1. Which FRET efficiency value, to the nearest 0.05, is calculated for K39 and I270 with the Förster distance at 25 angstrom and r the Cβ-Cβ distance?
2. Can you pull the percent of Cα pairs in region 111-162 with separation above 12 Å?
3. Under 8 Å for C-alpha pairs, at least 6 residues apart: give me the relative contact order for region 191-255, rounded to a whole percent.
4. Please give the per residue accessible area of region 48-121, computed with a probe of 1.4 Å over protein heavy atoms only, in Å².
5. Modelled label-to-label distance, D238 and L148, 7 Å Cα→beta-carbon offset: nm?
6. Consider all pairwise Cα distances in region 164-216 and report the whole-number % of them above 14 Å.
7. With a ≥ b ≥ c the root eigenvalues of the C-alpha gyration tensor of region 157-308, is it rounded (a/c under 1.5), prolate (a/b larger than b/c) or oblate?
8. Assign unit charges at the C-beta atoms only (+1 for Lys and Arg, -1 for Asp and Glu), then state the dipole size of region 142-267 relative to its Cα centre in Debye, rounded to the nearest 20.
Amino acid sequence: MSENGLESVYAWAIPVHAVVILAEMIYSSVAQAHLYSRKDLFTNIYLALMNFSLDLVMKAFAMGVMFFFYSFRLFDFDMGTWYYWVLCFLVTDLAYYFHHLVDHKSRAFWAVHITHHNSEYFNLTTGFRSPVFQPLYRYLFFSPLAFLGFNPWTIMVCYAVGQVYGTWVHTQTVKKMGFLEYILVTPSHHRVHHGCNIKYLDRNMGMVFIFWDKIFGTFEPEDPKVPVKFGIYPKMPDDGPITTLLYEWQKIAKDLKQPNLTMKDRFNYIFNSPGWRHDGKGKTVKDYQREYWAKKNRKKEKIQEKSA
């Protein structure tokens, strides 16, 4: 229930990660699956190190904020019970779900999170392709749990365990996991999340449990008829380190330079959904998916009319 708990999780996870990543690399080479590229691998490492460094800088402040909320907690839980840890793990995963949802629905947060999505490769090291600036605000999504009465150290231990699991679902080598598909976020579910196909955009936001997506309407199963295309659309002009890190921020800056924008327009360009435009000509994910499903339904109706 302290920083030692976090250190124990990571000390256990690092050698396990190393083994499974090496195994996947060997499989990719032997099977000629082309799951890795050297440049993409180094980009993943570079982003992970930057995120880790900022996380260290922010650690004292972030924990201070969470313990501030904890000092006004509504409930006093018995941390020595097994059900406290089960409940803490569940609510931490739920908090992450909403954190992740905001990352996709608000452009400024998407500008941070996009680094996790802008690779056209999908392998175990993609799990380390971190949103670099996320430590600046991540603790705000977990602070309400501290206010409820969950000890901040236990929240972060549960989050760290979830992160470990969340790394393992970044793989193409595992197809389906049987009945676990109904409970956990599986590699199949998470491949959908990383797809830039219109059908798959902003889907499967959970880290450990998939039932949050089913409850809140963001679930989409992997469709064998729609192979997942990894990456973002439109593609970045290049995959250099600066572009990879600042791509969406550069686009935001360009939009804000447009003439005759109101303060409301500027706010919307920063915090509204990606794709929003003040002239009404932009398309958000909702717009694209509305058109996609309308087209699908029209096609289905035509087929039914012909067969009638």
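The values are calculated or read from the model by the stated rules, or taken from the named source; none is laboratory data. Computed from a prediction, not measured in an experiment: that's the story for all the values here. Here the Cβ positions follow ideal geometry from the backbone for every residue, glycine too, while neighbour counts run over all protein chains shown. The area values use the complete protein model at the heavy-atom level, side chains included, leaving out ligands, DNA and RNA. Shrake-Rupley method; radii C 1.70, N 1.55, O 1.52, S 1.80 Å.
1. On the way: r = 31 Å, r/R0 = 1.24.
E(calc), rounded to 0.05, equals 0.20.
2. Details: 934 of 1326 pairs.
The proportion of pairs with Cα distances above 12 Å equals 70 percent.
3. Numbers: 58 pairs, mean separation 19.1, N = 65.
Averaging sequence separation for qualifying contacts and normalising by length gives 29 percent for region 191-255.
4. Details: 3770 Å² over 74 residues.
Per residue, region 48-121 has an accessible area of 51 Å².
5. Taking the two extended label points, one gets 4.7 nm.
6. Working: 664 of 1378 pairs.
So the portion of pairs separated by more than 14 Å is 48 percent.
7. Numbers: a/c = 2.02, a/b = 1.20, b/c = 1.69.
Here region 157-308 falls in the oblate category.
8. On the way: 14 positive and 11 negative charges, 44 e Å.
With Lys and Arg at +1 and Asp and Glu at -1, about 220 debye.
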